[in-house]
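Below: one structure, written as structure tokens.
Computed from the coordinates by the stated procedures, all read-outs in this text should not be read as laboratory data. Quantities reported herein were computed from a predicted structural model and do not represent experimental measurements. Ideal geometry is used to build each Cβ from the backbone, glycine not excepted, and the neighbour counts take in all protein chains shown.
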Amino acid sequence: MRKKIAAGNWKMNKTQSEAIELAGAIADVVIPDNTMVILGVPAVFISDVQTAVEGSAVQIAAQNCHQELSGAYTGEISASMLQSMGVEFVILGHSERREYFGESDELLAKKTNTALSQGLKVIFCCGEALPVREAGKHIDFVKNQLEKGLFHLGADDLDSIIIAYEPIWAIGTGVTASDEQAQEMHEAIRSMIEAKYDIETAAKMHILYGGSVKPSNATELFAQPDVDGGLVGGASLKASDFAAIIKA
Ligand code: PGA
């Protein structure tokens, strides 16, 4: 049985004291049975947030890592650093990383391998821009992203992957995919996994929806049979909103 997952993506927001306050407030939320809560926090605050959520079931994700384990890469953060800090997850392939930092499917495949080699679990993002959807090519587009970024892995490795479908046109725009649009894509992704691997692997995969998830739409979205929770940006920055999404 798949768990429901409420994952926050704080992006480049919050100061240290604000991060500690927000994490502390989330740690106090009563997490429903069969639900997992993950906070995707800025790397500089990981240690503070770990302290703030100590004793709770809240888990931590980094928002990126480098494809190499160490070396002369000024300013970068490695998967082994994250692992050494007890971080459980890393978000890879977010559309902002793909767009603003030129991260290709090939690079993301490498980053995924490196993260898994260090025992990190990966929240792997995919999703199409508006013109792709308007052309009716959204499913093919996402299939291509998954084939290049993820489907080189063996079925066992997929146990350490969570997929986040995040249509770019819905991120930070206030426009959410409809329940039907989300379900259509999530079902398609599950079928792709079944076709590439097998039915058990597909049935186990957690597939999150991201893109303007808020308290007012989370319940309906998460009620879709193939939607296993959300990756939440803006609404994860306010404790009361994220708490409502956790409940949803
Ligand atoms: P949003 O961001 O919830 O602010 O739309 C989601 C994301 O980018 O992960």
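Conditions tested, residue by residue: (1) touching a residue at least 24 places away in the same chain (Cβ under 8 Å); (2) not charged (D, E, K, R).
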position: Glu103; (1), (2): no, no
position: Glu106; (1), (2): yes, no
position: Ala129; (1), (2): yes, yes
position: Ala135; (1), (2): no, yes
position: Leu146; (1), (2): yes, yes
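Here Ile161 fulfils each of the conditions (1) away from the ligand (no atom under 16 Å from the Cβ); (2) surrounded by fewer than 18 Cβ atoms within 10 Å (Cβ to Cβ) apart from (2). In the set Glu180, Glu166, only one residue is out of contact with any Lys or Arg (no Cβ under 8 Å at 6 or more places or on another chain) and without any contact (Cβ under 8 Å) to a residue 24 or more places away in the chain; that residue is Glu180.
For residues in region 203-246 being in a helix (DSSP H, G or I) and among the aromatic types (Phe, Trp, Tyr), which is farthest from the ligand (Cβ to nearest atom)?
Per the criteria, the residue is Phe222.
Within region 36-49, residues that are surrounded by fewer than 24 Cβ atoms within 10 Å (Cβ to Cβ) have Cβ atoms under 7 Å from residues that are assigned to a helix (DSSP H, G or I) in these pairs: Phe45/Gln16; Phe45/Ala19; Asp48/Gln16; Asp48/Ala19; Asp48/Ile20, counting only partners at least 6 apart in sequence or on another chain. For Glu200, the conditions (1) in a helix (DSSP H, G or I); (2) surrounded by fewer than 22 Cβ atoms within 10 Å (Cβ to Cβ); (3) within 16 Å of the ligand (Cβ to nearest atom) are fulfilled apart from (3). State all residues of region 9-28 that are surrounded by 20 or more Cβ atoms within 10 Å (Cβ to Cβ), of a type in the set (A, V, I, L, M) and in contact (Cβ under 8 Å) with a residue 60 or more places away in the chain; if no residue qualifies, say none. Within region 9-28, Leu22, Ile26 qualify.
When region 13-54 is examined, which residues are found to be within 16 Å of the ligand (Cβ to nearest atom) and in contact with a helix residue (DSSP H, G or I) (Cβ under 9 Å, 6 or more places away or on another chain)? Walk me through it before giving the result.
Applying the first criterion (within 16 Å of the ligand (Cβ to nearest atom)) to region 13-54 yields 13-14, 22, 26, 37-42.
Asn13, Lys14, Leu22, Ile26, Val37, Leu39, Gly40, Val41, Pro42 - these are the residues of region 13-54 that are within 16 Å of the ligand (Cβ to nearest atom) and in contact with a helix residue (DSSP H, G or I) (Cβ under 9 Å, 6 or more places away or on another chain).
Which of the residues spanning region 139-158 are away from the ligand (no atom under 16 Å from the Cβ), in contact with a strand residue (DSSP E or B) (Cβ under 8 Å, 6 or more places away or on another chain) and aliphatic (A, V, I, L, M)? Reasoning before the result, please.
Step one: list which residues in region 139-158 are away from the ligand (no atom under 16 Å from the Cβ), which gives 139-141, 143-144, 146-158.
Retained after the next criterion (residues that are in contact with a strand residue (DSSP E or B) (Cβ under 8 Å, 6 or more places away or on another chain)): 146, 149-150, 153.
Of everything in region 139-158, those that are away from the ligand (no atom under 16 Å from the Cβ), in contact with a strand residue (DSSP E or B) (Cβ under 8 Å, 6 or more places away or on another chain) and aliphatic (A, V, I, L, M) turn out to be Leu146, Leu150, Leu153.
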